[in-house]
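Below is one structure; the comments refer to it alone.
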Amino acid sequence: MAAHVQDQLLNCIDLLLDAVFLVDADGRVKYVNAACERIFGYTPDELIGCKLIDLVLPEERARTLEEAARIMAGQPRVGFVNRYRHKDGRPVHIMWSARWSEADQLRIGVARDVTAQQRSEAMQAATYAVSEAAHDAVDLDTLFPTIHAIIAQLVPVAGLVVATCNGEPEALHFPYGRDHRGQPLVVDEALAHRHCKDVIAARRGLLLPGAALAPTQGGADAGGFWLVVPLVDQTAPIGAVMLKAPADTQYSDKDRELLGFVSAQVATAIERSRLKAELLRAARYDELTGLPNRRLFHDRIDTALARSRRKHGRVALLYIDIDDFKAVNDRLGHDAGDLLLQEIARRLERCVRKADTVARLGSDEFVVILEDIHGPDDATAVADKIHHSLLQPTAIAGHALNTQASIGIALHPCDGDDADSLIRHADQRMYRRKARN
């Protein structure tokens, strides 16, 4: 009768959806029910006698052994999650309920497959993480490493390359490429361009051997394989993401589905970052000339003065007004006047160092901030250079224009210790010079 009840019990256990394990002190499987085949892909006969730890993903074995030691020390556990390698090679997420039977010297564990739940939570977490990254990123250069880290939390990634195209697949470029250590990852851009263009056109991912994107000398490792995923924001193509898989990794259909979902979030994040950068630039730069506008000029002059105070240095401010500019507009039209202002902006930039600032305050008024000068003669030399540059003929609307400017110079700390004082002195000296012209 007892044997009959035992058989019934074992039959009932085999009907359970969860896998029930009995594991000895050495970690070897002594018993497992039929559910193990559905969850792990192995039959009970294939698992009995095997060490269970051998099925655990290598990167999770240390913490799994620590957990097993705690259970064997008499600490029951509910809700421990780790990942195992299915017989077909894909990872499965397992949630355990386990305790130790001192009398039987066996660890009794119930394993539930929570892969689908973990994937759903990962997708939700990735959505939030990508959205937050887009909000926090200053620009695309700061966004891409964060995206790389988010994707690496979802699937194994040996490297990642991002291609962007601004809606024009023919104009693809590759602003980001890093391996799992953060080192530059170089691919053959001609080959990558072709594959990315195909992926964007097809709107679906493409699996490639590692050699498919490897440059002839150095750069990407030719081993493993690449997964190329399109980045499409609603209807417009943004670019593509190229993931380099580790040599011993295979992306499952579920992994590719997850990456496809995340790529849509990434595309939206990239587009948001671009729009934010454009709005920021519009708020800080003059639309016509591309020079810093009045707002950014005030930021720059305040920063320059703060540095000058710390270093006990000198700063010069040049206030520039174009003489008779209104006559150009009246005689040749505003389009010609705009072209002249653009040419003046380019010439002013060529007259100063890259570390200096040229800004347009409005209409025909410009300013130049010169940092780390030795004295007044340096500022005067730049003003003379600007005069000479602007006097060179400019061909506008079929006319050769010779432009003159009135320039006022103010020096820090001689003429004041704040931006308003320097601007006032430079502006006054500019008007005095204009009156003499």
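The values are calculated or read from the model by the stated rules, or taken from the named source; none is laboratory data. Model, not experiment: these values are computed from the prediction. Note: ideal-geometry Cβ built from the backbone for every residue, glycine included; neighbour counts use all protein chains shown. These area figures cover heavy atoms from the full protein model, side chains too; ligands, DNA and RNA do not enter into them. Shrake-Rupley method; radii C 1.70, N 1.55, O 1.52, S 1.80 Å.
Values computed for the structure shown
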{"item": "Qualifying residue in the range 373-394 (condition: under 27 Å from Ala304 (Cβ atoms), open to solvent by 30 Å² or more (accessible area, probe 1.4 Å), touching a Lys or Arg at 6+ places or on another chain (Cβ under 9 Å) and β-branched (Val, Ile, Thr))", "result": "no"}
{"item": "Residues of the range 42-93 satisfying the condition of being open to solvent by 40 Å² or more (accessible area, probe 1.4 Å), aliphatic (A, V, I, L, M) and under 22 Å from Gln117 (Cα atoms)", "result": "Val78"}
{"item": "Test for Gly239: is it modelled with pLDDT of 85 or more and touching a strand residue (DSSP E or B) at 6+ places or on another chain (Cβ under 8 Å)", "result": "yes"}
{"item": "Leading residue by the ranking (nearest to Asp141 (Cα to Cα)) among those in the range 241-275 that are surrounded by 20 or more Cβ atoms within 10 Å (Cβ to Cβ) and β-branched (Val, Ile, Thr)", "result": "Ile270"}
{"item": "Any hit, the range 95-113, residues being modelled with pLDDT of 85 or more, surrounded by fewer than 17 Cβ atoms within 10 Å (Cβ to Cβ), on the phi < 0 side of the Ramachandran plot and within 17 Å of the chain's Cα centre (by Cα)", "result": "no"}
{"item": "Qualifying residue in the range 324-336 (condition: crowded, with 17+ Cβ neighbours inside 10 Å and within 30 Å of His312 (Cα to Cα))", "result": "no"}
{"item": "Residue count for the range 350-359, restricted to those that are outside any helix (DSSP H, G or I), open to solvent by 50 Å² or more (accessible area, probe 1.4 Å) and of a type outside the set (A, V, I, L, M, F, W, C)", "result": "2"}
{"item": "Residue that is nearest to Asp324 (Cα to Cα) [pool: residues in the range 417-437 that are within 43 Å of the chain's Cα centre (by Cα) and among the small types (Gly, Ala, Ser)]", "result": "Ala426"}
{"item": "Failed item, numbered, when Glu121 is tested on (1) closer than 17 Å to Val155 by Cα; (2) not in a helix (DSSP H, G or I)", "result": "(2)"}
{"item": "Search result, residues across the range 281-320 that are over 16 Å from Ala426 (Cβ atoms), open to solvent by 50 Å² or more (accessible area, probe 1.4 Å) and more than 33 Å from the chain's Cα centre (by Cα)", "result": "Arg309, Arg310, Lys311, His312"}
{"item": "Residues satisfying the stated conditions in the range 283-312, i.e. under 21 Å from Ile344 (Cβ atoms) and free of Cβ contacts under 8 Å to residues at least 12 places away in the same chain", "result": "Tyr285, Glu287"}
{"item": "Single unsatisfied condition, Ala152 versus (1) under 22 Å from Asp198 (Cβ atoms); (2) of a type in the set (Gly, Ala, Ser); (3) within 15 Å of the chain's Cα centre (by Cα)", "result": "(1)"}
{"item": "Close pairs (7 angstrom Cβ cut-off, 6 or more residues apart or separate chains): among the charged types (D, E, K, R) in the range 6-30, open to solvent by 100 Å² or more (accessible area, probe 1.4 Å) and modelled with pLDDT of 70 or more anywhere", "result": "Asp18/Arg112; Asp24/Lys30"}
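Okay, residues lined up against (1) under 27 Å from Ala283 (Cβ atoms); (2) not in a loop (DSSP other than H, G, I, E, B):
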position: Gly337; (1), (2): yes, yes
position: Ala345; (1), (2): yes, yes
position: Leu348; (1), (2): yes, yes
position: Leu361; (1), (2): yes, yes
position: Phe366; (1), (2): yes, yes
position: Ile369; (1), (2): yes, yes
position: Leu390; (1), (2): no, yes
position: Ile407; (1), (2): no, yes
position: Cys414; (1), (2): no, no
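To keep it simple, each residue is scored yes or no on (1) in contact (Cβ under 8 Å) with a residue 12 or more places away in the chain; (2) of a type in the set (D, E, K, R); (3) assigned by TED's automatic domain parsing to the domain that holds Val358; (4) touching a strand residue (DSSP E or B) at 6+ places or on another chain (Cβ under 8 Å).
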{"residue": "Leu390", "(1), (2), (3), (4)": "yes, no, yes, yes"}
{"residue": "Gly398", "(1), (2), (3), (4)": "no, no, yes, no"}
{"residue": "Leu401", "(1), (2), (3), (4)": "yes, no, yes, yes"}
{"residue": "His412", "(1), (2), (3), (4)": "yes, no, yes, yes"}
{"residue": "Ala419", "(1), (2), (3), (4)": "yes, no, yes, no"}
{"residue": "Ala426", "(1), (2), (3), (4)": "yes, no, yes, yes"}
